[in-house]
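What follows is a set of notes on a single structure, which appears directly below.
The values are calculated or read from the model by the stated rules, or taken from the named source; none is laboratory data. Quick caveat: nothing in here was measured; it's all calculated off a predicted structure. Methodologically, a virtual Cβ is constructed for each residue, glycine included, from the backbone with ideal geometry; neighbour enumeration extends over all protein chains shown.
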Amino acid sequence: MSTKLIRRYTLREWEVEYQDSPDPKPGRYVHFKGGKYMLLIVAQTHNHNGDLDVVYISLDHERQGSLGKAVTRPLCFDFREEDAWLDIVEWPDGKERHRFVHESELRSDG
């Protein structure tokens, strides 16, 4: 499945557009490709420029080697050009959502 990237946010754009929304809260998230993950914390990167990373673990037992290992991903688009947690992508159902969505939001989304 190829990723249809809809929107990328820089940290500044995210802060301006979502100024009343806090950073993603810890909890269980679903990736647009179906994986399940536990967001542990949002942390400042070591480069001290204000960039934030999401620290999370895989909850999928079938993903050999990844269960229980902490992984980081940029919260927003930054100089690393990696896929960011808050990217807006097209999900398999055709809806546009963040790359990772909290399970409670998916349940209410129907």
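Does the range 69-88 include one or more residues that are more than 12 Å from the chain's Cα centre (by Cα) and at pLDDT 90 or above?
No, that holds for no residue.
So which residues in the range 37-57 are farther than 17 Å from residue 82 by Cα and in contact (Cβ under 8 Å) with a residue 40 or more places away in the chain, if there are any at all?
37, 39
Name the pairs whose Cβ atoms lie under 7 Å apart, with the first residue in the range 60-75 and under 26 Å from residue 12 (Cα atoms), the second loosely packed, with under 14 Cβ neighbours inside 10 Å and at pLDDT 65 or above, and 6 or more positions between them or separate chains?
Once the first residue is under 26 Å from residue 12 (Cα atoms) and sits in the range 60-75, its partners that are loosely packed, with under 14 Cβ neighbours inside 10 Å and at pLDDT 65 or above give 73/82; 74/82.
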